[in-house]
Amino acid sequence: MGIQERKERERERRRQDILVAAKRVFSDKGFERSTIEDIAREAELSPGTLYLYFKNKDELYASLTVRVLQFMSVRLAHAIEEPGLNYDRKLANLIDAMFDIYEFDPVILNNMFHLQSSETLRDLSPELIEEINTLSRKSLRTIAAVFQEGMDEGRILRRHPTALADIFWSMFTGSVLWKETKQMIGNEQYPLKESIRLGFSLLDKGLRQQALDA
């Protein structure tokens, strides 16, 4: 191993150590109350060292969401890749995949939704924004492909598949965010999986019924 390769590996190891420390701090204190100093302390580094790896706290947090988006992209693709699956089976697999995505990292996923709807994205590097957008678009294309197959099989109403993918994704994100809200305002348990399954079922039944009526 050459000196340059060793340095690059060391830099990547340090970067991953910072991300692990940041995840612990964000999970414990939340994004708003966490500071670079908190993360540096957890990583046993100086704040100045963190700035050598990440532009600011927003970029550090956004880098954590990339990991979730990468898992999402792979998990959704795996849900529909088996040959011979029809629309019904693919849709069921897709819904199961959404639960796996949530359980992969609920805290980071939840805050990722806030991140994607906030001004924070403007403070990120163009490279990081492009990576987030690329992974997000890839997952939406996978979902849209399932709806396109349902239309091709004549099982659901023919509508723009990307629009249906957006609705599918919005139902998922809305349910996750509502779970957080319910817990904050009333310490109330929210039946997340049951609510998501019900929402997806109503969407699917509506598309099927309109296809029959068309």
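The values are calculated or read from the model by the stated rules, or taken from the named source; none is laboratory data. Since this is a predicted model, take the numbers as computed values, not measurements. No Cβ is skipped: glycine too gets one built from the backbone with ideal geometry, and neighbour counts run over all protein chains shown.
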Subset of the stretch 70-86 (residues that are free of Cβ contacts under 8 Å to residues at least 40 places away in the same chain and either on the phi > 0 side of the Ramachandran plot or of a type outside the set (A, V, I, L, M, F, W, C) (or both)): R75, H78, E81, E82, P83, G84
Name the single residue, out of those in the stretch 202-214 being exposed (fewer than 12 other Cβ atoms within 10 Å of the Cβ) and either under 25 Å from L94 (Cα atoms) or among the hydroxyl-bearing types (S, T, Y) (or both), that is modelled with the lowest pLDDT. L212
Counting only residues in the stretch 24-41 that are charged (D, E, K, R) and closer than 13 Å to K57 by Cβ, the one surrounded by the most Cβ atoms within 10 Å (Cβ to Cβ) is identified as D38
Considering the stretch 148-203 alone, what residues qualify as being aromatic (F, W, Y), more than 16 Å from the chain's Cα centre (by Cα) and closer than 19 Å to A97 by Cβ? F200
